[in-house]
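I am attaching a structure below and will ask some questions about it afterwards.
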Amino acid sequence: GESVGLHLPTLSVQEGDNSIINCAYSNSASDYFIWYKQESGKGPQFIIDIRSNMDKRQGQRVTVLLNKTVKHLSLQIAATQPGDSAVYFCAETMNYGGSQGNLIFGKGTKLSVKP
Amino acid sequence: EADIYQTPRYLVIGTGKKITLECSQTMGHDKMYWYQQDPGMELHLIHYSYGVNSTEKGDLSSESTVSRIRTEHFPLTLESARPSHTSQYLCASSENQVAGQAFFGQGTRLTVV
């Protein structure tokens, strides 16, 4: 399954398929980005991060892609499982002389995995 | 699992009451944050702190106040709760360094009736 456009409030995929969640960030000066997963009734949990000097980073079953030209971030989840069902948020921040600014969150995408 | 705790998890309170939402972290993080989140919506930063005796307002205006007397503790207070304050409040902390992720608590779901 694949999301259409830069932001989709909901994404439904079949178990075992790959998922792609997109995010458009706002500040061209942002240099650090994080994807968070938020399950119902819980706080956001860190999934993966990427710095602006990279365009791709891989974790366990997840890959984040960064396109600074169009200010676009995507999260790819391989072999999506029912446990991946959650709301996914991207967040951006920028370095202020050696410290990090506050995280600014995008609108979330709700991922539903069909068995 | 992050070592950041929020109490209470759920709170239903009458209009006009004073409430304090508690947040504690045992990671020794300097930076702490409060975010407000309506169901299914994005997180909005309402307060943050760089360390002891530091408090700053976030991007979203809020009638709440915060204090930071100890590194590990960052409580949020509403002097007079109103139905418009009904929301989820999320506390987070991070190291004050470049590219440091924020760790979140489980949140407090507040309902003002």
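Taken together, the values in this text are just the output of simple stated rules run on the coordinates, not laboratory data. Computed from a predicted model, the values in this text were never measured in an experiment. Here the Cβ positions follow ideal geometry from the backbone for every residue, glycine too, while neighbour counts run over all protein chains shown.
Would you compute the Debye intensity of the range B:72-113 from its alpha-carbon atoms alone, equal scatterers and no solvent, and pass along log10 I(q)/I(0) at q = 0.24, 0.29 Å⁻¹ to two decimals?
-0.89, -1.07
Could you check the simple spin-label distance between B:V113 and A:K56, using points 7 Å along Cα→Cβ, in nm with one decimal?
Going by the 7 Å Cα→Cβ label model, 5.5 nm.
Continuing with this model, one more query. Students often forget the sequence filter, so: which aspartates and glutamates lie under 15 Å Cα-Cα from B:K18 once same-chain residues fewer than 8 apart are removed?
Here the aspartates and glutamates satisfying the reach criterion relative to B:K18 are B:E63, B:E79.
Also, quick follow-up: Rank the residues B:I19, A:I47 as a footprinting-exposure proxy: fewest other Cβ atoms within 10 Å of their Cβ go first.
Taking fewest neighbouring Cβ atoms as first place, the list is B:I19, A:I47.
Across the residues of A:99-111, average count of Cβ atoms on other protein chains within 10 Å?
Per residue, the number of nearby Cβ atoms from other chains is 5 on average.
Given the pairs A:K114/B:K31; A:K114/B:K17; A:K110/B:K31; A:K56/B:K57; A:K37/A:K68; A:K68/B:K57, which are separated by over 32 angstrom at their Cα positions?
Violating the 32 Å limit, Cα to Cα: A:K114/B:K31; A:K114/B:K17; A:K56/B:K57.
Antiparallel DSSP bridges in chain B: what percent, to the nearest 5?
Here the antiparallel bridges make up roughly 90 percent for chain B.
Given the C-alpha atoms of the protein assembly as shown, compute the convex hull and give its volume per residue in Å³.
Here the figure is 120 Å³ per residue.
Follow-up question, since we're still on this one. Rank-order A:84-94, A:12-22 by packing density, defined as the average count of other C-beta atoms within 10 Å over each peptide's residues, highest first.
A:84-94, A:12-22
For the range B:1-110, state which chymotrypsin sites (Phe, Trp or Tyr not before Pro) are in a DSSP loop and have at most 14 other beta carbons lying within 10 Å of their beta carbon.
B:Y50
Sticking with this structure for a sec: Rg and Dmax in Å for the range B:1-75, alpha carbons only: what are they?
In Å, with Rg to one decimal and Dmax whole: 12.8, 36.
Report, please, the projected area of the range A:1-109 averaged over directions, based on the convex hull of its C-alpha atoms, in nm².
6.8
Something else about it: Once you place label points 7 Å from the Cα toward the Cβ at B:R70 and A:E15, how far apart are they in nm?
4.6
Another question, then. Take every DSSP beta bridge with both residues inside chain A and express the antiparallel ones as a percent of the total, to the nearest 5.
Rounded to the nearest five, the antiparallel share is 90 percent.
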